[in-house]
Amino acid sequence: MASQWLELSVECDPEAAEAVTELFGRYVEGGVAIEEPFGLEDDGQARVAMLGMPVTVRAYIPDDDRAPDVRARIEEGIWYLGRIDVGRVQGVTVRRVAEEDWANAWKEHYQVLHLGARTVIKPSWRTYTPRADEVVVELDPGMAFGTGLHPTTRTCLRLLEEVVRPGDCVLDVGTGSGILGIAALKLGAARVLAVDVSAVAVETARANAAANGLGERMDVRLATLRGAASAPFAPLAADVAVLDDEDGTFDVVVANIIARVIADLAPALIRAIRPGGVLIASGILDERIDIAEAPLREAGLVNIERVPEGDWMSVTGRRTATT
């Protein structure tokens with residue numbers, strides 16, 4: 001008789017999906033799937049995400065002697081997530097699936113996503129014929145953030161479409177899955193330096209860059225920028241490098257993190273941009289926008305614009321041309 005697996009699923013708001021995914025990733029060895037509610041475009045064929053509707057996050061664990069402990073840890077973590085401000089999170093639903101079913105079950109929940117005006121996110125096992133002006137990012141699931149589902153990721157992709165020019169050099173701070181760096185290259189950037197303080201994120205981003213044929217043009221490092229107090233924002237593992245030699249290098253810098261880290265890194269983020277270059281800062285809850293924006297303005301960001309997306313805010317601006 002085939003071995004049994006447990007499918008654990010959680011329904012949550014889209015903005016909570018990546019937090020739930022990260023929690024699952026601590027306890028499961030395979031991919032974590034995010035199932036979005038979909039509708040059909042006018043042509044009746046291409047599937048598009050229905051923004052604002054609840055999503056379902058799924059993961060699979062072996063139904064063995066360790067399952068009760070793993071399940072209890074996940075259920076406890078989900079309970080805590082439901083009580084902090086990450087968006088609505090329901091409890092864990094559990095069902096058994098057979099060995100022959102589970103390996104492909106999670107793949108059913110990943111569809112082709114249309115993000116921004118031109119960017120398409122495609123799982124490797126899906127087929128899709130792009131339109132003439134579209135760029136396709138092949139992105140398989142992993143433990144790192146950046147599935148394209150979160151509102152701030154969508155906003156960053158849309159803004160990259162607007163600002164990236166052929167030949168640009170781009171810095172992606174907090175790269176996660178590498179989705180933004182890969183998209184920047186597909187949109188015409190010549191090279192990308194992508195950094196993250198998570199070894200899992202670095203491994204995932206490198207794999208995704210290679211899968212898109214961009215491994216040689218996307219330099220992914222376990223690193224961060226130097227914070228405002230001449231030290232990283234928070235204690236880091238010993239093998240995380242701190243970049244000090246990237247001043248004025250990049251035409252575009254994108255940082256999809258959180259408000260307090262953007263605030264701490266503000267001087268370094270602005271220094272990394274060439275005079276007249278563009279910053280896209282995101283991952284900021286609406287009520288925390290001033291925490292991020294004020295230090296960026298003080299560091300020399302001008303022509304600042306706020307870009308809202310639901311409860312989230314992104315900031316764009318330019319480094320003054322004379323600094």
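Residues in region 174-191 carry Karplus couplings, in order, of x, 5, x, 6, x, 4, 6, x, 4, 4, 4, 5, 5, 7, x, 4, 7, 8 Hz; the curve used is 6.51 cos²θ - 1.76 cosθ + 1.60 with θ = phi - 60°, and Gly or Pro positions show x. For V200, the accessible area of its heavy atoms, probed at 1.4 Å with every protein chain present, is near 60 square angstrom.
Among I273, V315, V261, flag the residue with its Cα farthest along the positive direction of the charge dipole of region 260-323, charges on Cβ as +1 for Lys/Arg and -1 for Asp/Glu. Result: I273, furthest along the dipole toward the positive end. Dividing the Cα radius of gyration of region 188-323 by 2.2 N^0.38 Å, with N the residue count, gives 1.04. Full extension of the segment from V200 to R131, taken as 0.36 nm per residue of separation minus the current Cα-Cα distance, would add 21.5 nm.
Segment R95..Q4, full-extension length gain: 31.7 nm, with 0.36 nm per residue of separation and the alpha-carbon distance subtracted. Protein-only accessible surface at a 1.4 angstrom probe places the residues I182, I291 in the order I291, I182, largest first.
Classify region 264-305 as rounded, prolate or oblate, taking a ≥ b ≥ c as the square roots of the eigenvalues of its Cα gyration tensor: rounded when a/c is under 1.5, otherwise prolate if a/b is larger than b/c and oblate if not. It is prolate, given that a/c is not under 1.5 and a/b is the larger ratio. The label point for S124 and the one for D290, both projected 7 Å from the Cα toward the Cβ, are 4.8 nm apart. Name the long-range amide H neighbours of V220: under 5 Å, sequence gap of 5 or more, or other chain; modelled H, no Pro or chain starts. Amide H neighbours of V220, under 5 Å, 5+ apart: A194.
The values are calculated or read from the model by the stated rules, or taken from the named source; none is laboratory data. Keep in mind it's a predicted model, so treat the numbers as computed, not measured. All Cβ positions, glycine included, derive from the backbone under ideal geometry; neighbour counts span all protein chains shown. Just the protein is used for accessible areas: all its heavy atoms, side chains included, with ligands, DNA and RNA removed. Shrake-Rupley method; radii C 1.70, N 1.55, O 1.52, S 1.80 Å.
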